[in-house]
Amino acid sequence: MHGNESRIRIKVSNESHLDDLKELMRILCKQFNRTFYEKPWAMDMKYRIENNPQSVIIAIDTHTNKVVGMVIADSGRDWYSGAILGQIINFIVHPDYRGLKIGTQLVDKCLEYLRSKNCHYVRTNSRSELPNVSHIFDKFGFKKIYSVLEKEFL
């Protein structure tokens, strides 16, 4: 999309956005060759939006009223140190809207929210094959601390 950044608005989500969020998650899962488990995802998103709507941050194209980006901010106890750990998860900008600094705006709003939750630090997973995403987190001072290993059962 070649348009003006000013047509993008960052805000918290509500249930009316679930279909657009679901489409973004399909794109994210497909991008990483992952199965999208829609039913449990939908249950979790409804719960998040009902109980902590500020944790689901979205980017809206004000000309089309479509959700074009999202990020989820989560917080909880770090079982190693006892500190409050913030997490940035499900971070995506629709491919047609990349390059407009939407990701930077989403991460900024996410960090603002996690600061308000008194998080001691924030973690996220970032894939090395996405240098633009890594660049966003580099700008905010994130450092690589470890690698993630995974075994799939299904």
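The values are calculated or read from the model by the stated rules, or taken from the named source; none is laboratory data. These numbers were taken from a predicted model, which means no experiment stands behind them. Note that we place each Cβ from the backbone using ideal geometry, even for glycine, and neighbour counts take in every protein chain shown.
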Test set (1) in contact with an Asp or Glu (Cβ under 7 Å, 6 or more places away or on another chain); (2) part of a helix (DSSP H, G or I) - H135 fails condition number:
(1)
Give me the pairs, please: first residue somewhere in region 42-66 and free of Cβ contacts under 8 Å to residues at least 40 places away in the same chain and under 14 Å from S16 (Cβ atoms), second residue anywhere and among the hydroxyl-bearing types (S, T, Y) and in a helix (DSSP H, G or I), beta-carbon distance under 9 Å, and either six or more positions apart or on two chains.
I49/S55
The number of residues in region 113-152 that are among the charged types (D, E, K, R) and surrounded by 13 or more Cβ atoms within 10 Å (Cβ to Cβ) is 3
May I ask you to verify whether M70 is over 26 Å from K139 (Cα atoms) and hydrophobic (A, V, I, L, M, F, W, C)?
no
Taking the stated definitions as given, is F36 of a type outside the set (D, E), touching a residue at least 24 places away in the same chain (Cβ under 8 Å) and surrounded by fewer than 15 Cβ atoms within 10 Å (Cβ to Cβ)?
no
Residues located in region 31-59, provided they are at pLDDT 95 or above and under 22 Å from R98 (Cβ atoms)
F36, V56, I57, I58, A59
Scope region 72-100; condition in contact (Cβ under 8 Å) with a residue 40 or more places away in the chain and closer than 22 Å to D20 by Cβ; matching residues:
A73, N90, F91, I92, H94, P95, D96, Y97, L100
Kindly evaluate I60 against the criterion of being surrounded by 12 or more Cβ atoms within 10 Å (Cβ to Cβ), among the β-branched types (V, I, T) and outside any strand (DSSP E or B).
no
Restricting to region 85-113, what's the tally of residues that are of a type in the set (V, I, T) and within 17 Å of F142 (Cα to Cα)?
4
